[in-house]
2 protein chains.
Amino acid sequence: MSEDDRTVARERVIESMEQSAEVYGLSRSAGRIYGVLYFSEEPLSIPELVDETGYAKSTISNVTRTLTRIGLIHRRSSEGGGRRVHYTAEREIWFSLQDVFQQYVQREIQTTLRTIQRAQAQLPDDNDTEAARIKELQQTYEDLQEIVTLTSNFTAAELRDALESYDQ
Amino acid sequence: MSEDDRTVARERVIESMEQSAEVYGLSRSAGRIYGVLYFSEEPLSIPELVDETGYAKSTISNVTRTLTRIGLIHRRSSEGGGRRVHYTAEREIWFSLQDVFQQYVQREIQTTLRTIQRAQAQLPDDNDTEAARIKELQQTYEDLQEIVTLTSNFTAAELRDALESYDQ
DNA sequence: CAGTTTGTTCGGCTCACTCCGAACAAACAA
DNA sequence: TTGTTTGTTCGGAGTGAGCCGAACAAACTG
């Protein structure tokens, strides 16, 4: 078990995180920065992240801001009370990823549902095709809305359990 | 209830579909084309879609191909046996959207999980930090994997029911 | 047959996004 | 004070994706 092996393994996983980041609507740099922080023994400052990732200082600054807002990393002022800030990775990523997911999906579901409901109100009891189709949509989106809302209260393990136990 | 009102309501919903399409990793044009087909009384050909959407013929051709592959719309040869093809919207969108979702998420989860498992195998029982963190990741991704797999077997209503009934 | 319509493919344009580097502000050190 | 370090903001270069129009192939119509 050489040091090299460990480095290679870590690098592979971080590359996976870069890929995953794109799926969640984040940039590759966000994936790498999170990955470096995830494996780091101690909190890292922006200059240290510059060294570790090779990205420009400005990129680190911007990406850490969004990652902090999302909750995937945490920003901590240095112990000495100095200006230097340090970042750590949130290791319990489940809820953070859910938050990201919510920002991208639930927000969309909600606005769509609102639009549908407003359209539905404009076309009342008219049983023409438009109204009927919009009503179908409304049902689906209401289910979706409820699912996402319920999901956000569960941990990954609970969710898994809920689905497995429902298996009729 | 004027014709205008109906048109406006339909247009609003279609705009929502454009937005939604982006969330699912599709283009806005895909959302609009699906929306037009969704509300259309009869199947539409490519020239008709050009008229309805304002997109170029080539765009319609490309987008209909991907939407057909995904399963969100269906391609039908005309009754006369002619060359003209017609498209209809799949109205039971739940499973189609799940497929899209799978292509974007489950595929990513699987490759990530494979990478993690390989890294894990390379760093056996070494209880250093790297190995421990990779193991944490592995657990989360295995849960994720299982959740997505289970989810794909349920309808929206079933899923909703499963989550609601699990509420302890 | 020639002319028209339908559908696909290809090259190019545009726009948005990512990232970089420079400039700047703020806090510290000598 | 002046010089150094840290962090943010802004403008711009590079890149990829979406969309268009032209060219082409295939099938119909006269």
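The values are calculated or read from the model by the stated rules, or taken from the named source; none is laboratory data. Nothing here was measured: the structure is a model prediction, and the numbers come from that model. Positions of Cβ are backbone-derived with ideal geometry, glycine not excepted, and every protein chain shown enters the neighbour counts. Side chains included, ligands, DNA and RNA excluded: accessible areas come from the protein's heavy atoms. Shrake-Rupley method; radii C 1.70, N 1.55, O 1.52, S 1.80 Å.
Some observations on this one:
- Some residue of segment A:66-88 being at pLDDT 85 or above, within 14 Å of another protein chain (Cβ to nearest Cβ) and more than 15 Å from DNA strand C (Cβ to nearest atom): yes
- Selection status of A:Arg91, open to solvent by 70 Å² or more (accessible area, probe 1.4 Å) and touching a residue at least 40 places away in the same chain (Cβ under 8 Å): yes
- Test: B:Arg69 is surrounded by fewer than 19 Cβ atoms within 10 Å (Cβ to Cβ) and in a helix (DSSP H, G or I): yes
- B:Val50, sole failed condition from (1) within 26 Å of A:Glu108 (Cβ to Cβ); (2) within 16 Å of DNA strand D (Cβ to nearest atom); (3) open to solvent by less than 50 Å² (accessible area, probe 1.4 Å): (1)
- Search result, residues across segment B:1-36 that are away from every other protein chain (no Cβ under 11 Å) and under 15 Å from A:Ile134 (Cβ atoms): B:Tyr34, B:Val36
Okay, residues lined up against (1) touching a helix residue (DSSP H, G or I) at 6+ places or on another chain (Cβ under 8 Å); (2) more than 8 Å from every other protein chain (Cβ to nearest Cβ):
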position: B:Gln98; (1), (2): yes, yes
position: B:Arg114; (1), (2): no, yes
position: B:Asp128; (1), (2): yes, no
position: B:Lys135; (1), (2): yes, yes
position: B:Thr140; (1), (2): yes, no
position: B:Tyr166; (1), (2): yes, no
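- Filtered residues of segment A:150-168 (kept if open to solvent by less than 60 Å² (accessible area, probe 1.4 Å) and under 13 Å from A:Gln98 (Cβ atoms)): A:Leu150, A:Thr151, A:Ser152, A:Phe154, A:Thr155, A:Ala156, A:Leu159
- Within segment A:15-38, being among the hydrophobic types (A, V, I, L, M, F, W, C) and either more than 13 Å from DNA strand C (Cβ to nearest atom) or not in a helix (DSSP H, G or I) (or both) holds for A:Leu26, A:Val36, A:Leu37.
- Selection within segment B:30-58: residues that are of a type in the set (Val, Ile, Thr) and out of contact with any strand residue (DSSP E or B) (no Cβ under 8 Å at 6 or more places or on another chain). The member of this set that is nearest to B:His86 (Cα to Cα) is B:Val50.
- None of A:Ser20, A:Ser27, A:Ser61 is out of contact with any strand residue (DSSP E or B) (no Cβ under 8 Å at 6 or more places or on another chain) and crowded, with 19+ Cβ neighbours inside 10 Å except A:Ser20.
- Here the condition is being more than 13 Å from DNA strand D (Cβ to nearest atom) and over 19 Å from B:Glu136 (Cα atoms); of A:Ala56, A:Ala30, A:Ala9, A:Ala21, it holds for A:Ala30 alone.
- Selection within segment B:30-47 - touching an Asp or Glu at 6+ places or on another chain (Cβ under 6 Å) and either open to solvent by 20 Å² or more (accessible area, probe 1.4 Å) or of a type outside the set (Val, Ile, Thr) (or both): B:Gly31, B:Arg32
- In this structure, B:Ala119 does satisfy being assigned by TED's automatic domain parsing to the domain that holds B:Ala156 and in contact with a Lys or Arg (Cβ under 9 Å, 6 or more places away or on another chain).
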